[in-house]
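My questions all concern the structure below.
The values are calculated or read from the model by the stated rules, or taken from the named source; none is laboratory data. Everything numeric here is computed off the predicted structure, so don't read it as measured data. Cβ coordinates were reconstructed from backbone atoms using ideal geometry, including for glycine residues, and neighbour counts include every protein chain displayed. Calculation scope for accessible area: heavy atoms of the full protein, side chains included, ligands and nucleic acids excluded. Shrake-Rupley method; radii C 1.70, N 1.55, O 1.52, S 1.80 Å.
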Amino acid sequence: MSFRNLCFIPAKGASTRLPKKNLLKIDGEELLFYPIKAAKKSNLFSTDDIIVSTESEEVKKVAQKHGANVPYLREDHLARDPYGVSEVAFDFLESFKDYQKYDYIFFLLPTSPLTQSGDILNGFDLIRNEGFETVMSVTETEHNALRSNFVKNGRLEPIHPEMIKKKSQELEKTYHINGAVIVVKMSAFLEHRSYYTSSIGAFEIPRNRSVDIDTYEDFMLAEYLFSQM
């Protein structure tokens, strides 16, 4: 059975903490290159269905250079808070309604350049075979979240006081959503107007491939991890 899959890559030009971060280069290629490459290698999408959404003419040219489809430039305000990926995707789907008939929408991020085609395929297998409306890639937390704390007025307040004295090996593993790969049934995305739907599955990406670049320190870490691969 064949499926109609949309790959959606949001890549704004206006980034605050790390200017033009989606165009920074690792191993001679812009960060934007890597999700496009992984999407192509997965063989789940036609060339026209690998969409880069941006408000930037510069980002558009780079995306097209690497073989992605940039059918329009979105409005500038969608590149700033409080607008997020879901709002940007809906803006695209309202402008190009034929894509609303697709079976699945995949979200990939340029800020996760270590994502591999196999990760995309793992997410697709999970959502097809297990009946979830959404699947998200996750990574085990470096420090168990059950032992996390608030600090209020200088006072340490454990979130789970009953867990704070337990040893790490006594605690159930905890995970964080790394944002590298999100797959959603298109019908569920349109219904909920979000990828946080009523049933969400998870699959793991190892910590050494799950860096999400938001600061220069993140970028340096990604460069190092890339060199080790």
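Please determine whether any residue of segment 38-55 is without any contact (Cβ under 8 Å) to a residue 12 or more places away in the chain and either basic (Lys, Arg) or open to solvent by less than 10 Å² (accessible area, probe 1.4 Å) (or both).
no
Within segment 157-169, does at least one residue satisfy the condition of being under 12 Å from Ala202 (Cβ atoms) and open to solvent by 50 Å² or more (accessible area, probe 1.4 Å)?
No, segment 157-169 has no match at all.
Would a scan of segment 120-138 turn up a residue that is out of contact with any strand residue (DSSP E or B) (no Cβ under 7 Å at 6 or more places or on another chain), open to solvent by less than 40 Å² (accessible area, probe 1.4 Å) and of a type in the set (A, V, I, L, M)?
No, segment 120-138 contains no residue that is out of contact with any strand residue (DSSP E or B) (no Cβ under 7 Å at 6 or more places or on another chain), open to solvent by less than 40 Å² (accessible area, probe 1.4 Å) and of a type in the set (A, V, I, L, M).
Right, next: Quick one: in segment 180-229, which of the residues that are in a strand (DSSP E or B) and of a type in the set (A, V, I, L, M) is surrounded by the most Cβ atoms within 10 Å (Cβ to Cβ)?
Going through the qualifying residues, I end up with Val183.
Quick check on segment 20-37. Is at least one of its residues in a loop (DSSP other than H, G, I, E, B), in contact with a Lys or Arg (Cβ under 6 Å, 6 or more places away or on another chain) and either open to solvent by 20 Å² or more (accessible area, probe 1.4 Å) or farther than 30 Å from Tyr224 by Cα (or both)?
Within segment 20-37 (the criterion being in a loop (DSSP other than H, G, I, E, B), in contact with a Lys or Arg (Cβ under 6 Å, 6 or more places away or on another chain) and either open to solvent by 20 Å² or more (accessible area, probe 1.4 Å) or farther than 30 Å from Tyr224 by Cα (or both)), the answer is no, since none of the residues qualifies.
Ok, one more. Which one of these does Ile164 not meet: (1) in contact with a strand residue (DSSP E or B) (Cβ under 6 Å, 6 or more places away or on another chain); (2) within 28 Å of Asp218 (Cα to Cα)?
Failing condition for Ile164: (2).
Among the residues of segment 51-69, how many are more than 22 Å from Gly28 (Cα to Cα) and of a type outside the set (Asp, Glu)?
Summing the residues that are more than 22 Å from Gly28 (Cα to Cα) and of a type outside the set (Asp, Glu) in segment 51-69 gives 2.
When segment 71-89 is examined, which residues are found to be out of contact with any Ser or Thr (no Cβ under 7 Å at 6 or more places or on another chain) and open to solvent by less than 20 Å² (accessible area, probe 1.4 Å)?
Residues satisfying the conditions are Leu78, Ala79, Ala89.
With a cut-off of at least 2 residues that are without any contact (Cβ under 8 Å) to a residue 60 or more places away in the chain and over 30 Å from Pro19 (Cα atoms), name the strands (runs of 3 or more DSSP E) lying wholly within segment 64-173.
Result: 149-152, 155-158.
Going by what's in this entry, would Thr174 be described as farther than 28 Å from Leu32 by Cβ, β-branched (Val, Ile, Thr) and surrounded by 10 or more Cβ atoms within 10 Å (Cβ to Cβ)?
yes
For segment 146-185, give me each residue that is more than 30 Å from Leu108 (Cβ to Cβ) and among the small types (Gly, Ala, Ser).
Those that are more than 30 Å from Leu108 (Cβ to Cβ) and among the small types (Gly, Ala, Ser): Gly154, Ser168.
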